[in-house]
Amino acid sequence: MKKGFIGLLVALVFLLGACTKGYWVMSKKDLDKEPGVRAYVKELQKEKTEQKGFKLFSISQNRNMVVVSTGTPTKELEVIEVQVLEDQTIVTVKEIEADSDETNPYILIGLDEKKGSMRVINEEGDEYEIDF
């Protein structure tokens, strides 16, 4: 009985580990925790108000964050999927029609893992430009 329970517990741990998404969406209220990201978001709202694109940041705990912006106050973003392949990482976002309070709406996507080059696309396959 004890061996069966331990085996079930180990299997459950592996199953739960395999089910993680590999990304998270950071709350905009937590921007102060990442000063570089905060400065870029401020730039998107003041100077790059029509910038539709993304920028990748190295953040705490050896993780990455990608900031994706719409370039228009009539759309907001939602993450659909993050694929980590051998030679690239692809983030797919959904563009949602909305009247945003932000000049250039954006989403903050934290990545647990990134391999190779970075691409951000929408559901139709249109690619977002990388911002340097």
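The values are calculated or read from the model by the stated rules, or taken from the named source; none is laboratory data. The structure displayed is predicted, hence computed values, not measured ones. Counting neighbours? That spans all protein chains shown, and the Cβs are built from the backbone with ideal geometry, glycine included.
So which residues in region 83-132 are touching a residue at least 60 places away in the same chain (Cβ under 8 Å), surrounded by fewer than 19 Cβ atoms within 10 Å (Cβ to Cβ) and farther than 24 Å from Pro73 by Cα, if there are any at all?
Val84, Asp112, Glu113, Met118
Phe54 is checked against (1) over 10 Å from Tyr106 (Cβ atoms); (2) surrounded by 13 or more Cβ atoms within 10 Å (Cβ to Cβ); (3) within 13 Å of the chain's Cα centre (by Cα) and fails just one. What number does that condition carry?
Failing condition for Phe54: (1).
Residues that are of a type in the set (Asp, Glu) and under 13 Å from the mean Cα position of the chain (by Cα): does region 97-117 have at least one?
Yes, region 97-117 has at least one match.
If you take the residues of region 84-132 that are assigned to a strand (DSSP E or B) and charged (D, E, K, R), which of them is farthest from Ser60 (Cα to Cα)?
Per the criteria, the residue is Glu97.
When both residues are 6+ apart or on different chains and their Cβ atoms are under 9 Å apart, which pairs have a first residue that lies in region 7-36 and is closer than 30 Å to Asp101 by Cβ, and a second that is at pLDDT below 50 and in a loop (DSSP other than H, G, I, E, B)?
Between residues of region 7-36 that are closer than 30 Å to Asp101 by Cβ and residues that are at pLDDT below 50 and in a loop (DSSP other than H, G, I, E, B), there is no close pair.
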